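This report concerns only the one structure given below.
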Amino acid sequence: MRPNLRILCAVVVATWCVNADAAPPVGELDVRMGSGGTPCFTVFQKDERRFGAPEFRSISVSEVTPAGKSLMWAMSIPPQRPFPVTFRLCIPYAGRLPVLPKTTALPLQPGKVYETLIEITPPMLPSAPRAYRARFCLSAKAGGTVQLHTLIGGALDGKGRAGCSG
């Protein structure tokens, strides 16, 4: 094999290996307090404008502890019933559509850290997120209400955040 061809092959193989190990991009999820005092989850408006409304596939909420993750609730959408997740549509914790496959929702507790993951149909743009994720916690307020805290940047714990563990 000629030297130039060897170099070209080595570059192609190296590029393929780097891309094969690269994790697909994960976007930041918007966590809000929904009706009834429970969190709801959606995409940020800036992401919707940039990449379009992603097609929802599944959502899961897990408690995050130093020992690992424990599933609190999950819901999926059958492939024949796709729908877009828009900034205006906020998917509530525990869901409200009885026709969709889901697990029983365990109660969310103040002082614990949770992670939400929304999986979507792969987008058309290679730079678009393949999923959306956020971490959050709740804190109890006077009068029995609950306040939501979003942990920016996928923080592993709630250190330094009132009402979060750690």
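Just so you know, all these numbers are worked out from the coordinates, no wet-lab data involved. As the structure is a computational prediction, the values presented were derived from the model and not from experiment. Methodologically, a virtual Cβ is constructed for each residue, glycine included, from the backbone with ideal geometry; neighbour enumeration extends over all protein chains shown.
Taken over the stretch 23-160, the convex hull of the Cα atoms encloses 122 Å³ per residue. Measuring r between the beta carbons of residue 140 and residue 46 and using R0 = 35 Å, the FRET efficiency lands at 0.65.
Net length available on complete extension from residue 125 to residue 80 is 14.0 nm, with 0.36 nm assigned per residue and the Cα-Cα distance removed. In this structure, residue 152 and residue 104 have a Cβ-Cβ separation that, at R0 = 41 Å, corresponds to a calculated FRET efficiency of about 0.85.
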